[in-house]
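The structure appears below as structure tokens.
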Amino acid sequence: MSEKGRRPPSSPEELTPHLQERLQSLVPRLIELGLGCVHSAESETDGGTDSSVDCLDRIHACRAVCCSYRFALTESEADGEKILWDRQKPYFIDHGGNGYCTHHDTATGTCLIWENRPLRCRRYDCRSENTPWKDAERHIIRPGTFDHLPGKKPW
């Protein structure tokens with residue numbers, strides 16, 4: 001019980017919309033300061049399915065742009081030894097100076113830990129919402145897809 005006789009919220013959904021918005025705006029700053037961390041809520045048992053995208057068929061056009069996305073690892077991935085996470089932003093996937101995941105092979109564009117890649121990578125389907133594709137079937141990339149990457153663009 002709190003000082004006013006009410007129990008504190010036990011989940012973000014119990015907060016007012018204003019407090020939810022405020023919390024969402026503070027989380028990136030707390031992570032940046034090293035005062036917080038985020039785990040993905042996804043799990044192997046949540047009923048999600050792996051994507052059926054043939055990455056090797058598309059990589060010539062997309063340049064593995066999905067490997068430049070930043071995301072939180074699951075708790076088990078962060079605790080494991082196979083996936084590197086960003087020490088400045090625990091427990092987000094680690095990225096190199098080129099903006100790509102450190103597990104990305106810059107020579108081939110492929111994943112160096114494919115068999116052990118994060119759940120988020122396994123489930124990501126670039127043909128669905130918020131994709132890099134202007135035309136996924138014809139492998140045509142949307143303009144501006146690589147604008148978030150520093151310096152020289154891939155390949």
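The values are calculated or read from the model by the stated rules, or taken from the named source; none is laboratory data. The structure presented is a predicted model; accordingly, all values stated were derived computationally and were not measured. Note that each Cβ is placed from the backbone with ideal geometry, even for glycine, and that neighbours are counted across all protein chains shown.
Checking region 100-116 against the condition returns no match, with no residue being closer than 21 Å to Ser40 by Cα, assigned to a loop (DSSP other than H, G, I, E, B) and among the acidic types (Asp, Glu).
Has region 91-103 got any residue that is more than 23 Å from Thr145 (Cβ to Cβ) and at pLDDT below 90? Yes, region 91-103 contains at least one residue that is more than 23 Å from Thr145 (Cβ to Cβ) and at pLDDT below 90. Lys89: in a strand (DSSP E or B) and not hydroxyl-bearing (Ser, Thr, Tyr), yes or no? No; evaluated as a whole, the condition is false for this residue.
Here's the yes/no breakdown for (1) within 16 Å of Arg117 (Cβ to Cβ); (2) in contact with a helix residue (DSSP H, G or I) (Cβ under 9 Å, 6 or more places away or on another chain); (3) modelled with pLDDT under 90; (4) outside any loop (DSSP other than H, G, I, E, B):
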residue: Gln24; (1), (2), (3), (4): no, yes, yes, yes
residue: Pro28; (1), (2), (3), (4): no, no, yes, yes
residue: Cys66; (1), (2), (3), (4): yes, yes, no, yes
residue: Glu77; (1), (2), (3), (4): yes, yes, no, yes
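Counting residues in region 93-111 that are touching a helix residue (DSSP H, G or I) at 6+ places or on another chain (Cβ under 8 Å) and at positive phi gives one or more.
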